[in-house]
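Accompanying notes for the structure given below.
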There are 2 protein chains.
Amino acid sequence: MASVALRKAAKEAAAERLILERFLPYRLSILSNRISRAIAARYAKTFDLTIPEWRIIAVLGRRPGLTARQVAKATEMDKVAVSRAVAKLVAAKRVSADVHDADARAQSLTLTAQGEALHARIAPIALESERRLLAALSAGERAKFDALIDRLLDAAREL
Amino acid sequence: MASVALRKAAKEAAAERLILERFLPYRLSILSNRISRAIAARYAKTFDLTIPEWRIIAVLGRRPGLTARQVAKATEMDKVAVSRAVAKLVAAKRVSADVHDADARAQSLTLTAQGEALHARIAPIALESERRLLAALSAGERAKFDALIDRLLDAAREL
DNA sequence: CCGATTTAGTTTCATTTGAAACCAATGGCA
DNA sequence: TGCCATTGGTTTCAAATGAAACTAAATCGG
């Protein structure tokens, strides 16, 4: 009875219902928000630093001299967000922006001494938060999780 | 030589540097954003629906009659966001808000026929996106990943 | 039963965010 | 060389978001 089989297949497809609390995109969004909030709460007011600003500090800490464009790419922020955050960081003398050697439009961004100091203070806090979070997993699980995230990051790019 | 050992320990601690691209909170944020964007892109303009609105539709689809407060809890959105999204959904006749039996302040939210139809159209799209994403993992990996996310969600609540 | 407190939801206002328009310097290339 | 398309970055304007104040109904204590 083909029609019966079809009916059954249709029913099963419908049965695969969307349950928000089990829906991965939703779950990841919640997880990411909880973590970001918790960490930001630990430095935002104390240091008057937003998340985008912190990301820029973090990336410049390791790779000084990047241009805004490169920072945008490295942090996956759009250029407007970078422009604004950099403006604030420069105003606060945490980052210096010098005209780029090869291209007068571009600017070479570097942490100032103050920026470095800030980085040195916040990095341990951030790492400690990560450590606390990951304490919920065993070392093996952490590695596995990390690898899975990498694969999903790739897969998500294709979506 | 204790001092040598100490120096070495200090160095190693410092060596555990913060590398943004490896920093879990950052990676999760990127992953979550990529996924949400990709999925939203598939329904946002077509159906004129924002992510908060979609979440409300999703939760009401499975649990009709919730109050705004309950929706807020179920979706982890704050009540202002729920209030606004519900207002839009009601205006669009996708959701009906009736005075709650037991409490005249509260409203009992339900999908209208239009809302149901919308849910029926979008749920498969959402599930298909999730399926496509998770195709990058084996069944076993998916299960493992899911379980790890659950544990991290718990851990993140404590942060 | 009356006032004080709490709770459901909305509104207001200030800030953040994003898209698109914009300006200025660059890199072809005719 | 001089024009045109491109690229780096900023600005503008509208929409999204969040915190706090607010309205109205419900509950609690006496």
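Numbers for the structure displayed
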item	result
Axis-proximal residue, chain A, for the rotation superposing A on B (Cβ, Å)	A:SER32, 2
Span from the the stretch B:108-132 Cα centroid across to the the stretch A:128-159 one, whole angstrom	30
Dipole moment magnitude, nearest 20 debye, the stretch A:15-159 about Cα centre, only Lys, Arg, Asp, Glu C-beta charged	380
Average Cα contact separation per residue, chain B, under 8 Å, 6 or more apart, as relative contact order %	17
Size of charge dipole - the protein assembly as shown - debye, nearest 20, with Cβ of Lys, Arg +1 and Asp, Glu -1, no other charges	100
Computed helical MRE - 222 nm, the protein assembly as shown, DSSP H runs ≥ 4 contributing -39500 (n - 2.57), nearest 500	-23500 deg cm²/dmol
Cα-derived Rg to Rh of the stretch A:23-159, Kirkwood definition	1.01
B:ARG63 paired with A:SER138, simple spin-label distance in nm, labels 7 Å along Cα-to-beta-carbon	3.4
Ranking of B:VAL90, A:VAL82 by count of other Cβ atoms within 10 Å, fewest first	B:VAL90, A:VAL82
At 7 Å out from Cα toward Cβ: B:HIS100 inter-copy label distances (nm, ascending)	5.6
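Readers should treat all values here as calculations from the given coordinates under stated rules, not as data from a laboratory. Please read these numbers as outputs of a predicted model, since none were measured by experiment. Positions of Cβ are backbone-derived with ideal geometry, glycine not excepted, and every protein chain shown enters the neighbour counts.
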